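Student: Below you will find the structure I want to go over with you.
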Amino acid sequence: MSRLSWFLVGILFAAAGCSSSNSPSAPSTTLPRADFTQTDLRLIVGFSSIAQLGFITLGIFALNPQGTQGALLQMVNHGLVTAALFFIIAVLAARAGGSEDVRDMGGLAFRAPVLAALFLIVALATLAMPGSSNFMGEFYILLGVFESKLVIACVAFTGVVLASVYMLRAYIGAMHNRVGAKVQSRELSLRDGIVVAPLVLVIVAIAVYPQLLLKRQQASAQAAVAQTALLTHQLALPRATAQTAPVLPQGGQTP
C-alpha cells in the first residue's frame, strides 16, 4: 500500500463515525450505517476534524508544491473553523437545556438570526463550499494528489461529498425543524459575539483573499518539497548501488 493510501483511512473513518448512531436503543456493537444518523454535535465536529486532518496529511505526502501549500493553508483553516464550531456548539447547548444532541434542538434560528448566520458560514466553510476558506485549501491538496496518484485523489474526493451530508444535516437539525421541548431560542449575547465574531471574520477574510497566505508560504513550500526530493534521492542511491554491485567470491577478490 502506498504512503497516500493510509491517509484515506482517516477520511473514510470520519465519514463512518458520523454515520454511526448513538441512540440509547442501539447496541454498542452497531456498525456504521450509510444514513448518517449521528446526532451528537460534538462527535460530528470531532469526526469531521479527523477528516480534515486526513486531507492535510494527504497533501503533505503528495510531495509536490501544490499539495504542500494546500496542507499549510488547510492547517490554518482547520484551526479557525474547528474553534468556531466548538464554541457555537456550546452556545447551542446552553439554549437546548445543556444537551448537545441534535434531536433536543431544533428551531433555534427562530429568534436568533445572527447566531444562525454565523453557524451557517462556519458550516459551509467546513464542507469546503466554493467561496469558503476551506475550498482553496482542499482544492490545492486535491490538485497535488491528482498529480501524484489519480486514483487516490478520486477516492479522497468522496470525503468532500460526505462532509456536505453530515454537516448540513447537523445545521438543519439544530437551527430549523420543530422546536425542541427544552429549547429557548434567543439571540447571541454580546459576550459570546465578541468571542465568535472575530473567528468568523477571519474565516471570511481568508475566503475572500486566500493569496494573503498562499503567497507567504509559497517559497517555504517549494523549499521543503525540494529538500524532501533531495533527501529521497540520497536515500535511494545506496539501494541502487547495492543492487548493481557485483557479487564477490569468497576471499574478497574479483575473478
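Bear in mind that the values in this text are calculations on the coordinates, not laboratory data. Keep in mind it's a predicted model, so treat the numbers as computed, not measured. Glycine gets a Cβ as well: all are built from the backbone with ideal geometry, and neighbour counts include every protein chain shown.
Student: Which far-off residues, 5 or more places away or on another chain, put their amide H under 5 Å from the one on Asn177, with H placed in the peptide plane?
Tutor: The list, which skips near neighbours in sequence, is Gly107.
Student: Right, next: Just subtract the alpha-carbon distance of Thr158 and Glu187 from 0.36 nm times their residue separation and send over the number in nm, one decimal.
Tutor: 6.9 nm
Student: Moving on to the next point. Project the alpha carbons of the stretch 43-100 onto their principal axes and report the range along each, largest first, in whole Å.
Tutor: Sorted largest first, the three principal extents are 49, 16, 8 Å.
Student: Follow-up question, since we're still on this one. If you average 1/r over every pair of different alpha-carbon atoms in the stretch 73-139 and take one over that average, what Kirkwood value in Å do you get?
Tutor: This gives a value of 12.7 Å.
Student: When ranked by the protection proxy of mean other Cβ atoms within 10 Å per residue, highest first, what sequence do the peptides 121-127, 158-164, 190-196 form?
Tutor: 121-127, 158-164, 190-196
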